[in-house]
(Lines give C-alpha, C1' and ligand atoms only; values in the text may rest on other atoms or scores of the structure.)
Protein backbone atom coordinates (compact mmCIF):
# COMPACT_ATOMS: atom_id res chain seq x y z
CA UNK A 1 0.00 0.00 0.00
CA UNK A 2 1.21 3.52 -0.83
CA UNK A 3 1.47 5.63 2.32
CA UNK A 4 1.58 8.95 0.43
CA UNK A 5 -1.93 10.50 0.72
CA UNK A 6 -1.26 12.56 -2.44
CA UNK A 7 -0.58 9.48 -4.55
CA UNK A 8 -3.38 8.29 -6.87
CA UNK A 9 -2.66 4.80 -5.52
CA UNK A 10 -3.14 5.66 -1.86
CA UNK A 11 -6.40 3.67 -1.67
CA UNK A 12 -5.12 0.54 -3.45
CA UNK A 13 -5.58 -2.59 -1.36
CA UNK A 14 -5.36 -6.32 -2.01
CA UNK A 15 -2.53 -6.28 -4.55
CA UNK A 16 0.33 -6.93 -2.17
CA UNK A 17 3.49 -4.84 -1.73
CA UNK A 18 4.08 -1.90 -4.06
CA UNK A 19 7.05 -2.48 -6.37
CA UNK A 20 7.24 0.49 -8.76
CA UNK A 21 5.21 3.50 -9.83
CA UNK A 22 5.13 4.67 -13.45
CA UNK A 23 4.11 8.29 -13.85
CA UNK A 24 3.36 10.41 -16.89
CA UNK A 25 6.33 12.84 -17.05
CA UNK A 26 5.43 16.22 -15.53
CA UNK A 27 7.57 18.02 -18.12
CA UNK A 28 5.49 16.54 -20.90
CA UNK A 29 2.28 17.60 -19.13
CA UNK A 30 3.31 21.22 -18.78
CA UNK A 31 4.87 21.39 -22.24
CA UNK A 32 1.59 20.23 -23.77
CA UNK A 33 -0.39 22.75 -21.74
CA UNK A 34 1.92 25.72 -22.44
CA UNK A 35 2.37 25.07 -26.14
CA UNK A 36 -1.33 24.31 -26.52
CA UNK A 37 -2.21 27.70 -25.04
CA UNK A 38 0.41 29.45 -27.19
CA UNK A 39 -0.96 27.92 -30.38
CA UNK A 40 -4.54 28.59 -29.35
CA UNK A 41 -3.89 32.25 -28.50
CA UNK A 42 -1.89 32.76 -31.69
CA UNK A 43 -4.94 31.85 -33.79
CA UNK A 44 -6.94 35.08 -33.11
CA UNK A 45 -3.73 37.10 -33.53
CA UNK A 46 -3.31 35.63 -37.00
CA UNK A 47 -6.98 36.34 -37.75
CA UNK A 48 -6.44 39.98 -36.80
CA UNK A 49 -3.36 40.04 -39.02
CA UNK A 50 -5.42 38.65 -41.90
CA UNK A 51 -8.06 41.35 -41.33
CA UNK A 52 -5.40 44.07 -41.29
CA UNK A 53 -3.71 42.80 -44.44
CA UNK A 54 -7.04 42.42 -46.21
CA UNK A 55 -8.12 45.93 -45.24
CA UNK A 56 -4.79 47.37 -46.33
CA UNK A 57 -4.87 45.49 -49.65
CA UNK A 58 -8.42 46.67 -50.31
CA UNK A 59 -7.49 50.30 -49.75
CA UNK A 60 -4.40 50.08 -51.97
CA UNK A 61 -5.41 47.72 -54.78
CA UNK A 62 -9.14 47.05 -54.47
CA UNK A 63 -10.98 43.81 -53.92
CA UNK A 64 -8.91 41.83 -56.45
CA UNK A 65 -5.83 41.62 -54.16
CA UNK A 66 -7.57 40.88 -50.86
CA UNK A 67 -7.55 37.10 -51.28
CA UNK A 68 -3.83 37.02 -52.06
CA UNK A 69 -3.02 38.91 -48.86
CA UNK A 70 -5.22 37.04 -46.37
CA UNK A 71 -4.95 33.42 -47.52
CA UNK A 72 -1.65 32.60 -45.74
CA UNK A 73 -2.52 34.06 -42.30
CA UNK A 74 -5.99 32.45 -42.48
CA UNK A 75 -4.44 29.03 -43.14
CA UNK A 76 -1.93 29.46 -40.32
CA UNK A 77 -4.70 30.67 -37.98
CA UNK A 78 -6.70 27.52 -38.68
CA UNK A 79 -3.68 25.27 -38.22
CA UNK A 80 -2.69 27.03 -34.98
CA UNK A 81 -6.22 26.57 -33.62
CA UNK A 82 -6.29 22.85 -34.47
CA UNK A 83 -2.81 22.20 -33.05
CA UNK A 84 -3.66 24.15 -29.90
CA UNK A 85 -6.89 22.23 -29.33
CA UNK A 86 -5.09 18.92 -29.91
CA UNK A 87 -2.27 19.73 -27.47
CA UNK A 88 -4.66 20.94 -24.78
CA UNK A 89 -6.93 17.92 -25.18
CA UNK A 90 -3.92 15.60 -25.01
CA UNK A 91 -2.63 17.32 -21.87
CA UNK A 92 -6.08 17.10 -20.25
CA UNK A 93 -6.50 13.46 -21.20
CA UNK A 94 -3.11 12.40 -19.85
CA UNK A 95 -2.76 14.77 -16.87
CA UNK A 96 -3.62 12.17 -14.24
CA UNK A 97 -2.36 9.07 -16.06
CA UNK A 98 -0.21 6.82 -13.88
CA UNK A 99 0.39 3.13 -13.25
CA UNK A 100 1.76 1.15 -10.34
CA UNK A 101 3.14 -2.38 -10.24
CA UNK A 102 2.39 -4.61 -7.25
CA UNK A 103 3.31 -8.13 -6.29
CA UNK A 104 -0.11 -9.53 -7.19
CA UNK A 105 -1.25 -7.17 -9.93
CA UNK A 106 -1.16 -3.59 -11.09
CA UNK A 107 -3.17 -0.39 -10.77
CA UNK A 108 -3.94 2.21 -13.41
CA UNK A 109 -5.21 5.75 -12.91
CA UNK A 110 -6.55 8.22 -15.46
CA UNK A 111 -9.24 10.92 -15.61
CA UNK A 112 -11.92 8.22 -15.31
CA UNK A 113 -10.57 7.06 -11.97
CA UNK A 114 -8.54 4.26 -10.42
CA UNK A 115 -8.58 0.65 -11.63
CA UNK A 116 -7.09 -2.23 -9.67
CA UNK A 117 -6.29 -5.44 -11.55
CA UNK A 118 -5.11 -8.69 -10.02
CA UNK A 119 -3.23 -11.09 -12.27
CA UNK A 120 -6.12 -13.57 -12.12
CA UNK A 121 -8.52 -10.84 -13.31
CA UNK A 122 -6.74 -10.50 -16.66
CA UNK A 123 -8.30 -12.26 -19.63
CA UNK A 124 -5.81 -11.29 -22.33
CA UNK A 125 -2.78 -9.12 -23.05
CA UNK A 126 -1.70 -7.99 -26.51
CA UNK A 127 1.81 -6.69 -27.09
CA UNK A 128 2.92 -4.52 -30.00
CA UNK A 129 6.62 -3.65 -29.97
CA UNK A 130 7.72 -1.86 -33.13
CA UNK A 131 11.23 -0.79 -34.09
CA UNK A 132 11.34 2.26 -36.35
CA UNK A 133 13.92 3.02 -39.01
CA UNK A 134 14.47 6.08 -41.16
CA UNK A 135 16.64 5.70 -44.24
CA UNK A 136 17.90 2.45 -42.78
CA UNK A 137 18.90 4.05 -39.46
CA UNK A 138 17.25 2.92 -36.23
CA UNK A 139 15.39 5.86 -34.64
CA UNK A 140 13.49 4.25 -31.76
CA UNK A 141 11.00 1.66 -30.54
CA UNK A 142 7.35 2.07 -29.59
CA UNK A 143 5.66 -0.16 -27.03
CA UNK A 144 1.93 -0.78 -26.63
CA UNK A 145 0.51 -3.32 -24.18
CA UNK A 146 -3.27 -3.72 -24.23
CA UNK A 147 -4.74 -5.43 -21.18
CA UNK A 148 -8.28 -6.82 -21.25
CA UNK A 149 -9.83 -7.75 -17.93
CA UNK A 150 -12.45 -10.39 -17.23
CA UNK A 151 -15.17 -7.72 -17.30
CA UNK A 152 -14.06 -6.67 -20.82
CA UNK A 153 -12.41 -3.43 -19.75
CA UNK A 154 -9.28 -2.47 -21.65
CA UNK A 155 -6.23 -0.64 -20.32
CA UNK A 156 -3.48 0.61 -22.64
CA UNK A 157 0.07 0.88 -21.33
CA UNK A 158 2.37 2.65 -23.78
CA UNK A 159 5.31 5.03 -24.11
CA UNK A 160 3.54 7.72 -22.13
CA UNK A 161 5.32 5.99 -19.24
CA UNK A 162 9.08 5.88 -18.82
CA UNK A 163 10.42 2.32 -18.83
CA UNK A 164 7.01 1.03 -19.95
CA UNK A 165 8.76 -2.09 -21.25
CA UNK A 166 9.55 -3.11 -17.66
CA UNK A 167 5.91 -2.59 -16.71
CA UNK A 168 4.65 -4.42 -19.80
CA UNK A 169 6.94 -7.40 -19.21
CA UNK A 170 5.80 -7.62 -15.59
CA UNK A 171 2.14 -7.60 -16.68
CA UNK A 172 2.87 -10.27 -19.30
CA UNK A 173 4.66 -12.44 -16.75
CA UNK A 174 2.00 -12.06 -14.07
CA UNK A 175 -0.93 -12.72 -16.40
CA UNK A 176 0.84 -15.65 -18.10
CA UNK A 177 1.51 -17.37 -14.78
CA UNK A 178 -2.12 -16.89 -13.75
CA UNK A 179 -3.65 -18.05 -17.06
CA UNK A 180 -1.29 -20.91 -17.95
CA UNK A 181 -2.98 -23.65 -15.84
CA UNK A 182 -6.38 -22.76 -17.34
CA UNK A 183 -5.12 -23.06 -20.92
CA UNK A 184 -3.27 -26.31 -20.25
CA UNK A 185 -6.39 -27.84 -18.68
CA UNK A 186 -8.53 -26.76 -21.64
CA UNK A 187 -6.17 -28.31 -24.19
CA UNK A 188 -5.77 -31.51 -22.15
CA UNK A 189 -9.55 -31.87 -21.96
CA UNK A 190 -9.83 -31.65 -25.74
CA UNK A 191 -11.05 -28.05 -25.98
CA UNK A 192 -9.91 -25.63 -28.65
CA UNK A 193 -8.27 -22.41 -27.46
CA UNK A 194 -8.24 -19.28 -29.58
CA UNK A 195 -5.46 -16.73 -29.98
CA UNK A 196 -6.78 -14.04 -32.29
CA UNK A 197 -6.69 -15.34 -35.89
CA UNK A 198 -5.18 -18.66 -34.79
CA UNK A 199 -6.56 -21.48 -32.67
CA UNK A 200 -5.23 -24.84 -31.52
CA UNK A 201 -6.12 -27.99 -29.66
CA UNK A 202 -4.40 -31.31 -29.06
CA UNK A 203 -5.09 -32.33 -32.68
CA UNK A 204 -3.77 -29.39 -34.62
CA UNK A 205 -3.92 -25.73 -35.54
CA UNK A 206 -6.76 -23.74 -37.09
CA UNK A 207 -7.23 -20.45 -38.90
CA UNK A 208 -10.53 -19.43 -40.46
CA UNK A 209 -11.93 -22.52 -42.16
CA UNK A 210 -8.50 -24.14 -42.55
CA UNK A 211 -7.03 -26.75 -40.24
CA UNK A 212 -3.72 -28.58 -40.08
CA UNK A 213 -2.79 -31.57 -37.94
CA UNK A 214 0.33 -31.24 -35.81
CA UNK A 215 1.95 -34.13 -37.70
CA UNK A 216 1.54 -32.20 -40.93
CA UNK A 217 3.23 -29.05 -39.64
CA UNK A 218 6.84 -28.72 -40.69
CA UNK A 219 7.68 -25.81 -38.40
CA UNK A 220 6.35 -22.67 -36.81
CA UNK A 221 8.71 -19.78 -37.49
CA UNK A 222 8.66 -16.53 -35.54
CA UNK A 223 10.78 -13.74 -36.98
CA UNK A 224 10.54 -9.94 -36.89
CA UNK A 225 7.12 -10.07 -35.25
CA UNK A 226 5.63 -12.47 -37.83
CA UNK A 227 4.40 -15.99 -37.12
CA UNK A 228 4.66 -18.28 -40.12
CA UNK A 229 3.34 -21.86 -40.15
CA UNK A 230 4.80 -24.12 -42.83
CA UNK A 231 3.28 -27.38 -44.00
CA UNK A 232 5.23 -30.53 -44.80
CA UNK A 233 5.60 -30.82 -48.56
CA UNK A 234 3.95 -27.40 -48.79
CA UNK A 235 6.55 -25.87 -51.05
CA UNK A 236 7.81 -22.33 -50.53
CA UNK A 237 4.51 -20.90 -49.34
CA UNK A 238 3.45 -20.69 -45.70
CA UNK A 239 0.24 -22.43 -44.71
CA UNK A 240 -0.72 -19.32 -42.74
CA UNK A 241 0.85 -16.23 -41.22
CA UNK A 242 -0.06 -13.85 -38.40
CA UNK A 243 1.65 -11.04 -36.54
CA UNK A 244 2.59 -11.16 -32.88
CA UNK A 245 0.46 -8.06 -32.05
CA UNK A 246 -2.61 -10.00 -33.26
CA UNK A 247 -2.04 -12.79 -30.75
CA UNK A 248 -3.44 -12.31 -27.24
CA UNK A 249 -1.38 -13.99 -24.52
CA UNK A 250 1.42 -14.63 -26.98
CA UNK A 251 3.72 -16.40 -24.51
CA UNK A 252 1.01 -18.93 -23.67
CA UNK A 253 0.47 -19.49 -27.39
CA UNK A 254 4.23 -19.93 -27.86
CA UNK A 255 4.56 -22.48 -25.07
CA UNK A 256 1.51 -24.48 -26.18
CA UNK A 257 2.65 -24.64 -29.80
CA UNK A 258 6.10 -25.73 -28.62
CA UNK A 259 4.55 -28.82 -27.01
CA UNK A 260 3.23 -30.04 -30.37
CA UNK A 261 5.44 -28.58 -33.11
CA UNK A 262 8.95 -27.36 -33.83
CA UNK A 263 9.43 -23.63 -33.31
CA UNK A 264 12.19 -21.86 -35.21
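The values are calculated or read from the model by the stated rules, or taken from the named source; none is laboratory data. Predicted, not measured: the structure shown is a model, and the values here were computed from it. Counting neighbours? That spans all protein chains shown, and the Cβs are built from the backbone with ideal geometry, glycine included.
Brief remarks on what is shown
- Given (1) in contact (Cβ under 8 Å) with a residue 40 or more places away in the chain; (2) within 25 Å of residue 29 (Cα to Cα); (3) buried (at least 19 other Cβ atoms within 10 Å of the Cβ), number of the condition residue 127 does not satisfy: (2)
- When the range 1-48 is filtered for residues that are touching a helix residue (DSSP H, G or I) at 6+ places or on another chain (Cβ under 9 Å), in a helix (DSSP H, G or I) and under 25 Å from residue 171 (Cβ atoms), the ones remaining, listed by number, are 28, 29.
- Counting the residues of the range 159-174 that are part of a loop (DSSP other than H, G, I, E, B) and within 12 Å of the chain's Cα centre (by Cα) gives 3.
- For the range 50-89, the tally of residues that are under 30 Å from residue 109 (Cβ atoms) and either more than 33 Å from the chain's Cα centre (by Cα) or surrounded by fewer than 16 Cβ atoms within 10 Å (Cβ to Cβ) (or both) stands at 4.
- Test result for residue 33, in the same structural domain as residue 80 (by TED's automatic domain parsing) and more than 26 Å from the chain's Cα centre (by Cα): no
- Single residue of 229, 220, 244 found to be touching a residue at least 60 places away in the same chain (Cβ under 8 Å) and touching a strand residue (DSSP E or B) at 6+ places or on another chain (Cβ under 9 Å): 244
- Among residues of the range 194-210, those that are over 21 Å from residue 146 (Cβ atoms) and surrounded by fewer than 16 Cβ atoms within 10 Å (Cβ to Cβ), counted: 5
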